[in-house]
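Worksheet: one structure, shown below.
The numbers here are math on the coordinates, done by the rules we state, and not lab data. All values derive from a computational prediction rather than experimental measurement. Glycine gets a Cβ as well: all are built from the backbone with ideal geometry, and neighbour counts include every protein chain shown.
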Amino acid sequence: MNIESLCPEWSEEIKEGLARICVPKKNLYLREDGVYEPAWAPVFYNPVMSMNRDFTIIFIHELSRESKIKTASDLMAATGVRGIRMAVEVSSLNEIYMNDIDPMACLLISENVRRNNVSDKIRLYCEDVNILARSLKRGGIKIDFVDLDPYGSPAPYLDSILEVVKPRGFLSVTATDLAVLMGGYPRKALRRYGAYIYKTDFSREIGLRVLIRYIQTQAAEKDLVLKPLLSYYSDHYYKILFSIDKGADKSVDILRKEGFYRYCPKCHYKDTIFQEEFFNKDHMDLKCPICGSKMILIGPVWLGELYDKELTNRLIKDLESLWWLENKKKIEKILNTINEEIDISYYYKTEYIASILKKNVPKIDKVIKCLKEIGYKASRTHLDETGFKTDAPYKEILKCF
Ligand SMILES: C[S@@+](CC[C@H](N)C(=O)[O-])C[C@H]1O[C@@H](n2cnc3c(N)ncnc32)[C@H](O)[C@@H]1O
């Protein structure tokens with residue numbers, strides 16, 4: 001039988017990771033500027049997200065060393081590429097739950113499952129994810145590794161998804177609604193994430209921390225404790241890997257690490273206040289200590305750690321054995337930068353500071369060197385090419401410029 005002939009006529013077979021997948025033909029869905037638009041295709045496939053899927057594979061590989069990860073899921077599966085890659089590339093997995101609400105997607109997933117000879121491991125559904133997750137829960141099914149990859153925001157799916165992830169399991173969440181999370185639509189951000197978000201010079205970190213805090217709050221309501229093990233920004237999306245634990249008291253401990261930013265829109269001074277300090281009158285003083293302008297409050301956000309550095313190191317080592325990953329170099333760069341990133345909840349941008357001082361933009365490495373020479377910690381951040389983190393007071397940073 002000619003295996004090729006079973007790809008629908010608007011699709012073609014490609015290779016991603018170790019899987020062979022029928023995906024929409026790029027040249028049929030081009031925008032006026034000639035760029036492929038995944039959302040126009042009959043079934044969604046975005047080649048740019050192959051690094052996101054590579055990360056899913058590395059996570060499961062590494063986490064299965066110490067925890068028993070036997071089941072995984074991709075309940076918004078589109079072509080099925082992510083779940084099929086789990087089945088083909090992680091031999092320790094026994095069962096992968098896959099699903100999509102779109103019948104066309106389900107047909108394509110079936111063909112792709114057949115094409116990769118993994119039907120013994122795949123449980124395929126064609127349902128609304130919220131209904132499916134609740135019915136899996138009713139059937140007593142809990143999944144070790146849940147990967148949530150929706151269009152835009154994960155918010156509408158968290159309540160049900162958190163019902164199927166196993167305590168002591170893992171949840172990976174992708175979000176692409178960055179215009180909202182990074183302050184482009186403050187009213188929408190308030191409705192969707194219950195947070196006050198405005199545009200700043202460190203918006204990529206704000207969006208990530210608002211999202212983490214929002215997911216943790218949804219989980220705490222179910223006495224679940226979600227700790228970020230790794231989170232990153234790339235190509236206009238966030239991806240966060242959480243470990244899941246259960247316990248009412250522990251979930252309160254997590255919520256205690258919530259807080260707010262105080263930010264001066266004029267000179268970009270910023271600092272943080274934990275939720276518990278918030279009602280202390282002194283912290284409500286919103287006069288900028290540098291330029292005297294009125295500061296704004298941004299949040300609530302997660303003020304705890306974004307990364308487990310020990311895991312990051314292990315992931316870097318794992319990359320050596322995962323020879324087939326296409327995005328190895330880019331992943332390595334992100335992980336190495338994360339590894340060196342100091343644990344401060346915000347960053348500064350060289351061009352913003354240079355602009356308020358009316359100076360030329362200095363090289364970021366020179367600024368970091370200067371800060372270290374005067375006795376402070378300083379590093380780049382993976383969140384922004386021209387961003388740096390430091391524990392130096394703002395006045396000292398300005399001196400370095
Ligand atoms: C961003 S795509 C998923 C991409 C895929 N995970 C990948 O790695 O290529 C989102 C998918 O979710 C599906 N979807 C949207 N709403 C859904 C719902 N309520 N329940 C289940 N699937 C849904 C869409 O049909 C679409 O295929």
Length-normalised contact order for the chain - Cα pairs under 8 Å, 6+ apart - percent: 11
Whether segment 63-182 is rounded, prolate or oblate, judged on the alpha carbon gyration tensor where a/c under 1.5 counts as rounded: rounded
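In what sequence do Ser231, Ser67, Ser160 fall when counting other Cβ within 10 Å, fewest first? Numbers along the way, then the final one.
Values: Ser231 22, Ser67 15, Ser160 19.
Placing the least packed residue first, the sequence is Ser67, Ser160, Ser231.
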Footprinting exposure proxy for Phe279, Phe59 (fewest neighbouring C-beta atoms within 10 Å first): Phe279, Phe59
Relative contact order (%) - segment 63-106, alpha-carbon pairs under 8 angstrom, separation at least six: 45
Radius 14 Å from Cβ of Asn360, net charge of other residues (Lys, Arg +1; Asp, Glu -1): +3
Greater than 32 Å apart at Cα, pairs in Lys68/Lys239; Lys142/Lys309; Lys137/Lys317: Lys137/Lys317
Calculated FRET value between Asp33 and Ser355, using beta carbons and R₀ = 30 Å, to 0.05: 0.45
Over 18 Å [Cα-Cα, segment 45-95], rounded percent: 25
Segment 132-172-segment 316-394 distance, computed between alpha-carbon centres (Å): 33
Ascending count of other beta-carbon atoms within 10 Å, so fewest first, for Leu171, Leu93: Leu93, Leu171
Glu12 long-range amide H proximity, modeled H, under 5 Å: Val23, Lys25
Karplus 3J(HN,Hα) series, Hz, for segment 299-313 with 6.51 cos²θ - 1.76 cosθ + 1.60 (x for Gly, Pro): x, x, 10, 6, 10, x, 6, 8, 9, 9, 5, 5, 5, 4, 4
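Pull up the DSSP beta bridges for the chain and report the antiparallel fraction as a percent, rounded to 5.
Antiparallel bridges make up about 70 percent of those DSSP assigns within the chain.
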Cα lying deepest toward the dipole's positive end in the chain, options Leu211, Thr272, Ile356, charges on Cβ: Ile356
All-pairs alpha carbon distance profile, the chain, 20 Å steps from 0, percent: 26, 55, 19, 1
Net charge over other residues, Cβ less than 14 angstrom from the Cβ of Lys246 (K, R count +1; D, E count -1): 0
